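To start, the structure itself, in structure tokens.
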């Protein structure tokens, strides 16, 4: 029988104008406030221990979003969950003006729950067959982050306007996005995090170990990437733009590794080594150069490069083998909880405490190298299976 007609073509990227605009405007609203959050806390005269407690609570809020955010949004549907999450983000921006630690903790938890829930849902609104590539999304987010860092630098570090203007501007952008959301065509259904039929145990273990370690370090870096010196003398916006650039550079460097026939195991190994070296230099610099901006910035740049490289390697592994989404969620939560405990454990944050924190991060990342090396046996086994399958198709006489 002849087919009824030609196969249906996937919609073009321009046909998904609403999903594209919504996602990248959401990125701008989020990245606009990121670099100046700590500086705002500093100007509100919060103690460093209170700031660390805020970031620890934010890490726990991230766990809530990972474990229950998408399932609750699935029950409500995108039409209702999208505006609700945007309203929570707007409220978190408006609460940043407060000087009360409890209010700022609530604001941080609101922001983490909203951001880590709404971004995967916004990506899910792209048509499955016409979704932008991971490289395009990474480049878009990275360059928008750099632009937002430069804008923040001009407003707050050159023109000396109150940092809260960035949060007010972000709230206005999110408010416009709240209205824009209702112009959307028929929404894509929110996909559940179902387990794959058969996940590869070796690949999953390798990814989970590095994922837990790097998410722990990411939480620590988020809290301590700028407060090591007096932030009033730092151009935080340009520093954030530099971090975004190295993150993008790490993701693009994966293409170079693939050109020289580097496997995902080598890429993950390189990412973990670079991240552990960054944590080591940050730890070593604390007692000797506690106010050295250069050493800390170099350590953080290496870490952001490693995160970009690691993300590209994991995306490649997801293509090669099934990974368990729920187990990845548990690994991220484990890393965040470890970081939250370290952040909330001590009230006085001196150089030796920070040295201990970064030393633990370095050891955690270095230990995650062990399961990654098991990928060599996985690749050999994968090749043997492919050869056996080819022999089954061509039996000998």
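On the given criteria, is residue 293 surrounded by fewer than 16 Cβ atoms within 10 Å (Cβ to Cβ) and either under 27 Å from residue 145 (Cα atoms) or not assigned by TED's automatic domain parsing to the domain that holds residue 218 (or both)?
Considered against the rule, which asks whether it is surrounded by fewer than 16 Cβ atoms within 10 Å (Cβ to Cβ) and either under 27 Å from residue 145 (Cα atoms) or not assigned by TED's automatic domain parsing to the domain that holds residue 218 (or both), residue 293 comes out as yes.
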The residue from 365, 372, 295 that alone is part of a helix (DSSP H, G or I) and modelled with pLDDT of 80 or more is 365
Restricting segment 59-82 to residues that are in contact (Cβ under 8 Å) with a residue 60 or more places away in the chain and within 21 Å of residue 216 (Cβ to Cβ), the one surrounded by the fewest Cβ atoms within 10 Å (Cβ to Cβ) turns out to be 67
The residue from 40, 89, 85 that alone is modelled with pLDDT of 80 or more, in a helix (DSSP H, G or I), surrounded by fewer than 22 Cβ atoms within 10 Å (Cβ to Cβ) and assigned by TED's automatic domain parsing to the domain that holds residue 136 is 40
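Quick grid of which residues meet (1) touching a helix residue (DSSP H, G or I) at 6+ places or on another chain (Cβ under 7 Å); (2) modelled with pLDDT of 80 or more; (3) buried (at least 23 other Cβ atoms within 10 Å of the Cβ); (4) not in a helix (DSSP H, G or I):
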residue: 208; (1), (2), (3), (4): yes, yes, no, no
residue: 245; (1), (2), (3), (4): yes, yes, no, no
residue: 273; (1), (2), (3), (4): no, yes, no, no
residue: 301; (1), (2), (3), (4): yes, yes, no, no
residue: 304; (1), (2), (3), (4): yes, yes, yes, no
residue: 311; (1), (2), (3), (4): yes, yes, no, no
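Tally time: how many residues in segment 47-57 are in a loop (DSSP other than H, G, I, E, B) and surrounded by 19 or more Cβ atoms within 10 Å (Cβ to Cβ)?
0
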Any residue at all in segment 103-125 that is in contact (Cβ under 8 Å) with a residue 12 or more places away in the chain, over 16 Å from the mean Cα position of the chain (by Cα) and closer than 27 Å to residue 253 by Cα? yes
| query | Is there a residue in segment 9-18 that is part of a helix (DSSP H, G or I) and at pLDDT 90 or above? | reply | no
* Asked: With respect to residue 238, is the statement that it is within 22 Å of residue 308 (Cβ to Cβ), surrounded by 15 or more Cβ atoms within 10 Å (Cβ to Cβ) and modelled with pLDDT of 85 or more true?
  -> yes
Residues of segment 251-262 being buried (at least 17 other Cβ atoms within 10 Å of the Cβ) and in a loop (DSSP other than H, G, I, E, B), in sequence order, are none
**OP:** Go through the residues of segment 174-187 one by one and say whether even a single one is buried (at least 18 other Cβ atoms within 10 Å of the Cβ), in the same structural domain as residue 62 (by TED's automatic domain parsing) and either modelled with pLDDT of 90 or more or over 23 Å from residue 120 (Cα atoms) (or both).
**Re:** yes
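The values are calculated or read from the model by the stated rules, or taken from the named source; none is laboratory data. A quick note: this is a predicted structure, and the numbers were derived from the prediction, not measured. Counting neighbours? That spans all protein chains shown, and the Cβs are built from the backbone with ideal geometry, glycine included.
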